[in-house]
Amino acid sequence: MNRLLRLALLVLAALFAHPAGAQDLLTRTDGTEIQVKVVEITPDLVKYRRTDNPDGPLISVRKTEVFRIRYANGTQELGSPPAPAYLPPNPASGYPTAVPGDEQTAEPVHLSGPRLGFTVLTDGVLSHARDQVGSLSPFLTQFGWQFESRLFRLPNGTSGLVEFVPLVGGLEQGLFIPSVSGILGLRGPKGFEFGLGPNLTPMGADIVLALGTSFHSNGINFPVNLAVVPGHSGARISLLFGFNSRRN
């Protein structure tokens with residue numbers, strides 16, 4: 001009797017340890033899970049039959065499309081990592097964070113918003129400006145707008161940018177002095193940026209060098225930039241700040 005009982009227990013244990021129709025679980029890189037019976041694994045392919053159609057055809061899938069195989073005995077085999085479903089925002093730049101292997105983000109990003117600040121004129125520039133506009137203080141307020149587009153994003157989070165910044169200075173002195181800057185630059189993953197490009201004013205054309213950073217809060221960017229125009233007669237130094245947001 002005891003021998004029969006032990007035999008029955010062994011049979012039950014075997015059935016629970018290896019249930020009929022035991023299934024393997026195949027997870028693809030897109031997150032899809034399939035109940036299968038793996039038949040063969042080659043250097044390039046995983047071959048299986050679906051457990052809901054065990055007499056059906058032998059299906060082959062590339063190993064690069066398989067994230068994981070979890071076998072019926074509890075062991076598992078890992079393949080390629082799954083594709084990310086969401087890119088969290090980078091607080092420093094307001095842009096989606098890059099993923100390793102993603103050389104650039106396909107979605108274009110455009111930012112725009114007001115800019116205000118001031119410009120200080122060195123003696124040489126001030127003298128040249130007075131020849132054209134008359135009486136002028138070396139300290140000018142600036143008001144304008146910034147338009148920005150991202151050109152690309154590298155895997156480390158560095159972005160290529162182009163900016164267009166029209167400004168009007170000297171309003172506090174009863175003057176209207178326009179300026180336009182086109183800047184091509186780079187922004188690092190933590191928000192630090194620098195660039196250069198042409199600057200046009202009634203006094204002529206020069207090159208502007210700009211550097212700065214951006215602070216991010218509640219979907220709004222707050223850029224702060226220092227710009228220097230090293231002209232032949234002297235330098236113009238501007239400090240500008242403002243805010244902007246995505247336009248798409």
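Residue count for the stretch 115-134 under the criterion of being over 12 Å from SER179 (Cβ atoms) and either of a type in the set (Val, Ile, Thr) or free of Cβ contacts under 8 Å to residues at least 24 places away in the same chain (or both): the result is 7. Among the residues making up the stretch 74-129, a single one is in contact with a helix residue (DSSP H, G or I) (Cβ under 9 Å, 6 or more places away or on another chain) and modelled with pLDDT of 80 or more: LEU121.
Which ones in the stretch 42-61 are in a strand (DSSP E or B) and either open to solvent by 60 Å² or more (accessible area, probe 1.4 Å) or over 13 Å from GLU77 (Cβ atoms) (or both)? Passing the criteria: LEU45, LYS47, ARG49, ARG50, ILE59, SER60, VAL61.
Suppose we filter LEU184, LEU140 for residues that are assigned to a strand (DSSP E or B), more than 21 Å from SER112 (Cβ to Cβ) and not basic (Lys, Arg); which single one remains?
Details: LEU184 fails: more than 21 Å from SER112 (Cβ to Cβ).
So the residue among LEU184, LEU140 that is assigned to a strand (DSSP E or B), more than 21 Å from SER112 (Cβ to Cβ) and not basic (Lys, Arg) is LEU140.
Can you name the residue in the stretch 234-247 that is open to solvent by 60 Å² or more (accessible area, probe 1.4 Å) and in a loop (DSSP other than H, G, I, E, B) and is also modelled with the highest pLDDT among such residues? Result: PHE243.
Applying the selection to the stretch 13-32, what residues are at pLDDT below 85, surrounded by 10 or more Cβ atoms within 10 Å (Cβ to Cβ) and out of contact with any helix residue (DSSP H, G or I) (no Cβ under 7 Å at 6 or more places or on another chain)? Quick ask: steps written out before the conclusion?
In the first step, residues of the stretch 13-32 are kept if they are at pLDDT below 85; the result is 13-23, 29-32.
Going one step further and asking which of them are surrounded by 10 or more Cβ atoms within 10 Å (Cβ to Cβ), we end up with 13-15, 18-19, 22-23, 29-32.
Residues satisfying the conditions are ALA13, ALA14, LEU15, HIS18, PRO19, ALA22, GLN23, ASP30, GLY31, THR32.
Please state which of the following conditions ASN221 fails to meet, knowing it meets all the rest: (1) part of a strand (DSSP E or B); (2) surrounded by fewer than 21 Cβ atoms within 10 Å (Cβ to Cβ). Of everything listed in (1) part of a strand (DSSP E or B); (2) surrounded by fewer than 21 Cβ atoms within 10 Å (Cβ to Cβ), ASN221 misses just condition (2). Filtering the stretch 153-195 to residues that are within 24 Å of ALA129 (Cα to Cα) and of a type in the set (A, V, I, L, M, F, W, C) leaves PHE164, VAL165, LEU167, VAL168, LEU171, LEU175, PHE176, ILE177, VAL180, ILE183.
If you go through the stretch 187-206 and keep only what is part of a strand (DSSP E or B) and open to solvent by less than 80 Å² (accessible area, probe 1.4 Å), you end up with ARG187, GLU193, GLY195, GLY197, PRO198, ASN199, THR201, GLY204, ALA205, ASP206.
Would you say SER149 is within 17 Å of PHE243 (Cα to Cα), surrounded by 15 or more Cβ atoms within 10 Å (Cβ to Cβ) and hydroxyl-bearing (Ser, Thr, Tyr)?
yes
With respect to the stated conditions, VAL162 is under 22 Å from VAL109 (Cβ atoms), of a type in the set (A, V, I, L, M) and open to solvent by 30 Å² or more (accessible area, probe 1.4 Å).
Only one of LEU175, LEU209 is open to solvent by 60 Å² or more (accessible area, probe 1.4 Å), closer than 22 Å to VAL120 by Cβ and touching a strand residue (DSSP E or B) at 6+ places or on another chain (Cβ under 8 Å). Can you tell me which? Can you show your working first?
Details: LEU175 fails: open to solvent by 60 Å² or more (accessible area, probe 1.4 Å).
Being open to solvent by 60 Å² or more (accessible area, probe 1.4 Å), closer than 22 Å to VAL120 by Cβ and touching a strand residue (DSSP E or B) at 6+ places or on another chain (Cβ under 8 Å) holds for just one of LEU175, LEU209, which is LEU209.
Listed by first and then second residue, the pairs with beta-carbon distance under 6 Å, at least 6 apart or on different chains, first residue in the stretch 57-72 and farther than 13 Å from GLY31 by Cα, second acidic (Asp, Glu) and assigned to a strand (DSSP E or B), are TYR71/ASP24; ALA72/ASP24.
The values are calculated or read from the model by the stated rules, or taken from the named source; none is laboratory data. Keep in mind that this is a model prediction, so the values were computed, not measured. Note that each Cβ is placed from the backbone with ideal geometry, even for glycine, and that neighbours are counted across all protein chains shown. Surface accessibility is based on the protein's heavy atoms, side chains included, excluding ligands, DNA and RNA. Shrake-Rupley method; radii C 1.70, N 1.55, O 1.52, S 1.80 Å.
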